[in-house]
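Below: one structure, written as structure tokens.
Each reported figure results from applying straightforward, stated rules to the coordinates on display, with no laboratory input. Bear in mind that the values here come from a model prediction, so they are computed numbers and not experimental data. Because the Cβ atoms are built from the backbone with ideal geometry, glycine has one as well, and the counts that use them run over all protein chains shown.
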Amino acid sequence: MPPEPLHEAFEASIKSAQAAGYSDWLAADEAALDYIATRIAPKFGVSGEVIAKRLRVEKMWPPK
């Protein structure tokens, strides 16, 4: 999956996560990451685990 579309999907999912009550990314680390990853995964046809790993590798997680 190309980095730019992943970044765009991540930014959109951050807003969704914040609306769902996630804002303290470090305190809710795994729960928030899972919430976001499972929403991004269908867009790329991969699992949430793949997205979660990629977000960490690309240094997008945790959000700044």
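The stretch between E4 and A20, if pulled fully straight at 0.36 nm per residue, gains 3.3 nm over its current Cα-Cα span.
GluC sites (Glu not before Pro) within the chain: which are DSSP loop residues with at most 13 other Cβ atoms inside 10 Å?
Numbers: sites: E8, E11, E30, E49, E58; in loops: E58.
Of the GluC sites (Glu not before Pro), the ones in loops of the chain whose Cβ has at most 13 other Cβ atoms within 10 Å are E58.
Could I get the Rg over Rh figure for the chain? Both from C-alpha atoms, Rh via Kirkwood, rounded to two places. Ratio of gyration radius to Kirkwood radius: 0.92.
Among residues other than G48 whose Cβ falls under 15 Å from its Cβ, what is the net charge (Lys/Arg +1, Asp/Glu -1)?
Values: positive: R39, K43, K53, R54, R56; negative: D29, E30, D34, E49.
Residues close to G48 contribute a combined charge of +1.
Using Cα-Cα distances under 8 Å and only pairs 6 or more residues apart, what relative contact order does the chain have, in percent? Each step should come with its number before you reach the end.
Details: 42 pairs, mean separation 19.3, N = 64.
Normalised by residue count, the contact order of the chain is 30 percent.
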